[in-house]
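**Student:** Structure below; questions to follow.
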Amino acid sequence: MKKSLNSTELLEFQPNRYPFLMIDYVTKFSPGKFAEGYKNFTNNEWFFPIHFKGNPNVPGALQLEAMAQMLTIAITTLPGLKGKVTHALEHNVKFKKEIKPGDKLVLKTKVLKWNRGICDGTAQGFVNKKLVCEANMKITIPEILEKFLPKK
Amino acid sequence: MSNKDKYIKVFTKSFGINKDKLKKDLKYNSISKWDSVGHMNMIAKLEQEFKISMEMDDIIDFSSFKTGIRILKKYKIKI
């Protein structure tokens, strides 16, 4: 398998689409271990005119979504999981600096544990090599998790 | 620590409850913390505590505190 994914290739592993696709390129990844890449933000982003007029910056929720989408790549590149839908379970996130139009958000994610449909992982976002956001994350592939749950 | 104490501890720690709550056979989804994520966390802690690896069918069947005692017998763990 290739160890990077361009903007078209990553769509096979990440089911989110415009206007909610929050990653542009996966520069390197190892299935089940890590995924790294970036998202370029331009003035054309749909949210900048409304968040906020006169002071456009990337909403924290979307920074978190970008980190979650990159972590998802580390899981959905595992055999048999291509394109599976993931859901968030628990996130603990810190936002350190505003991200503005023209910024390139570099995303680095690591899988700490992957078992029975649940992934524990970490993510960090950098702009110009400075940490701007970070999170401890728990995501799931519901299709797998549900197979392990009591039915009664 | 006895197996029973270890078993109770996994439940009380996993779900943040007092052991009195276990007297009436606590069941899956009967409290907010024993949801899907809580279930998988609790199973992982049991596996770690008793050094076992549970089969998928047993994880699905593990629907209450009392049922768990029966299931663990399969793994030669007497509570």
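**Student:** Give the order of A:116, A:17 when sorted by the count of other beta carbons within 10 angstrom, beginning with the fewest.
**Tutor:** A:17, A:116
**Student:** Along Cα→Cβ, 7 Å out, is where each label goes; now give me the distance between the ones at residue A:95 and residue B:49 in nm to one decimal.
**Tutor:** 4.0
**Student:** Cα centroids of the range A:117-152 and the range A:17-32: how far apart, whole angstrom?
**Tutor:** For the range A:117-152 versus the range A:17-32, the Cα centre distance is 14 Å.
**Student:** Test of understanding: ordering B:54, A:67 by Cβ neighbours within 10 Å, fewest first, what list do you get?
**Tutor:** By the 10 Å Cβ count, ascending, the order reads B:54, A:67.
**Student:** Taking the beta-carbon count within 10 Å as an exposure proxy, list B:57, A:24 from fewest neighbours to most.
**Tutor:** Ranking B:57, A:24 by Cβ neighbours within 10 Å, fewest first, gives B:57, A:24.
**Student:** Averaged over A:143-150, how many beta carbons belonging to a partner chain fall within 10 Å of each residue's beta carbon?
**Tutor:** Per-residue shielding by partner chains comes out at 5.
**Student:** What is chain B's relative contact order, in percent, from Cα pairs under 8 angstrom and six or more apart in sequence?
**Tutor:** 35
**Student:** What's the ranking of A:48-61, A:3-16 by average number of surrounding C-beta atoms within 10 Å, highest first?
**Tutor:** Top of the packing list down: A:3-16, A:48-61.
**Student:** What distance in nm separates the two pseudo spin-label positions at residue A:88 and residue A:151, each 7 Å out from Cα along the beta-carbon direction?
**Tutor:** My value for the distance between the label points is 3.3 nm.
**Student:** As a check on your grasp of the helix formula, calculate [θ] at 222 nm for chain A: sum -39500 (n - 2.57) over DSSP H runs of n ≥ 4, divide by the residue count, round to the nearest 500.
**Tutor:** -4000 deg cm²/dmol
**Student:** If you fit an axis through the alpha-carbon atoms of helix A:60-76 and take the longest principal axis of the Cα set of chain A, what angle between them do you get, 0 to 90°, nearest 10?
**Tutor:** 40
**Student:** Calculate the mean, over all residues of peptide B:28-36, of how many other protein chain Cβ atoms lie within 10 angstrom of the residue's Cβ.
**Tutor:** Counting other chains' Cβ atoms within 10 Å and averaging over B:28-36 gives 2.
**Student:** What FRET efficiency, computed as 1/(1 + (r/R0)^6) with R0 = 35 Å and r the Cβ-Cβ distance, is obtained for residue A:50 and residue B:21, rounded to the nearest 0.05?
**Tutor:** Calculated value: 0.15.
Every number here is computed from the coordinates shown, using simple stated rules; none is lab data. None of the values given here were measured: they were computed from a predicted structure. Ideal geometry is used to build each Cβ from the backbone, glycine not excepted, and the neighbour counts take in all protein chains shown.
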